[in-house]
Amino acid sequence: EEAEKRNREYSKFQHDIDNHLLVVSGLIGEGNYEKAQEYLDRLHIRCQSLAGRKLASTGREVLDILLNEKAGYALRSNIRVSCRVRIPEDFGFDDMDLSIIFANILDNAIHECIVGEFDNKEISLFTKNYGRFLIIESANTWTPRTMEEGTGLTNIRNVAAKYQGMAEISNTDEKFRISILLRSPEGQS
């Protein structure tokens, strides 16, 4: 469904490329270089997201598809995305469990960036591993407020508990942060 949507968006973009170039040319002709650069930057982000640029190469095919689709949607929504996720091959995490964690993180982060009134919308997502432990960390722009934990965060906490781990959140400095610790199952290391 996401791929079909991306293809439709690409066709629409291709149809309008001459008009985009006309706008940039006009801005340069008027000497409005800052606005032209801003327009080109947005056009570049749009091109990258529509071309299906791989932002994630995690070592897990299912997770790569999920992360690249979600990151592509974020880029099309003018959200800057930084993604450095790698799951060691010998870590025995179930792909469905990883999908629950990463999909909920990104869905919540993208939603917050879209509805928030920010100049710089951004999401970062990365992993580190130490011995048998995987740490997943994410931060996104957000509007500070009192927050109630929803179903997505509950699902993340349940998956973390399944792998003898935990999830912590903090929301300071106009950033929402989540850190998740998972322990690779016995027999895997």
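Please work out how much accessible surface R145 shows to a 1.4 Å probe, ignoring ligands, DNA and RNA, in Å² rounded to 10.
About 120 Å², ignoring ligands and nucleic acids.
For the range 126-189, with the dipole built from +1 on Lys and Arg beta-carbon atoms and -1 on Asp and Glu ones, taken about the Cα centre, which of M166, P185, T151 lies farthest toward the positive end?
Highest projection toward the positive end goes to P185.
How do I65, I17, I156 rank by accessible surface area computed with a 1.4 Å probe, from largest to smallest?
Per-residue accessible area, sorted high to low, gives I65, I17, I156.
Compute the relative contact order of the chain as a whole-number percentage, counting only Cα pairs closer than 8 Å that sit 6 or more residues apart in sequence.
Details: 259 pairs, mean separation 31.7, N = 189.
Taking the mean separation of contacting Cα pairs over the length of the chain, I get 17 percent.
How much accessible surface does L22 have with a 1.4 Å probe, in Å² rounded to 10?
In the full protein context, L22 sits at about 120 Å².
Could you run the Karplus curve 6.51 cos²θ - 1.76 cosθ + 1.60 with θ = phi - 60° over the range 31-44 and give me ³J(HN,Hα) per residue in whole Hz, x for Gly and Pro?
Taking θ as phi minus 60°, the curve returns x, 8, 5, 5, 5, 4, 5, 4, 5, 5, 4, 5, 5, 5 Hz for the range 31-44.
Heavy atoms only, 1.4 Å probe, whole protein assembly: order T127, T172 by accessible area, highest first. Spell out each step's value before the answer.
Working: T127 20, T172 75 Å².
Final ranking, largest accessible area leading: T172, T127.
Just to confirm the number: angle between the C-alpha axis of helix 95-115 and the first principal axis of the chain, 0 to 90 degrees, nearest 10?
With both axes taken from Cα atoms, the answer is about 40 degrees.
How much accessible surface does R80 have with a 1.4 Å probe, in Å² rounded to 10?
The accessible area of R80 comes to roughly 130 Å².
Specify the longest stretch of the chain that does not include any exposed loop site, a site being one of the GluC sites (Glu not before Pro) with a non-H, G, I, E, B DSSP assignment and at most 13 other Cβ atoms within 10 Å.
On the way: sites that count: E1, E30, E89, E117, E148, E149, E174, E186.
The longest uninterrupted stretch comes out as 31-88.
With a 1.4 Å probe and all protein chains in place, put M166, M96 in order of accessible area, largest first.
My answer, sorted largest first, is M96, M166.
How many lysine pairs are close in the chain, with Cα atoms under 28 Å apart and the two 8 or more places apart or on different chains?
Pairs that pass both the separation and distance tests number 21.
Can you give the angle from 0 to 90° between the axis of helix 151-162 and the longest principal axis of the chain, with both taken from C-alpha atoms, to the nearest 10?
Long axis of 151-162 versus the principal axis of the chain: about 40 degrees.
The values are calculated or read from the model by the stated rules, or taken from the named source; none is laboratory data. What you see is a predicted model; the values in this text were computed from it and never measured. Note that each Cβ is placed from the backbone with ideal geometry, even for glycine, and that neighbours are counted across all protein chains shown. Surface areas here come from the heavy atoms of the whole protein model, side chains and all, with no ligands, DNA or RNA. Shrake-Rupley method; radii C 1.70, N 1.55, O 1.52, S 1.80 Å.
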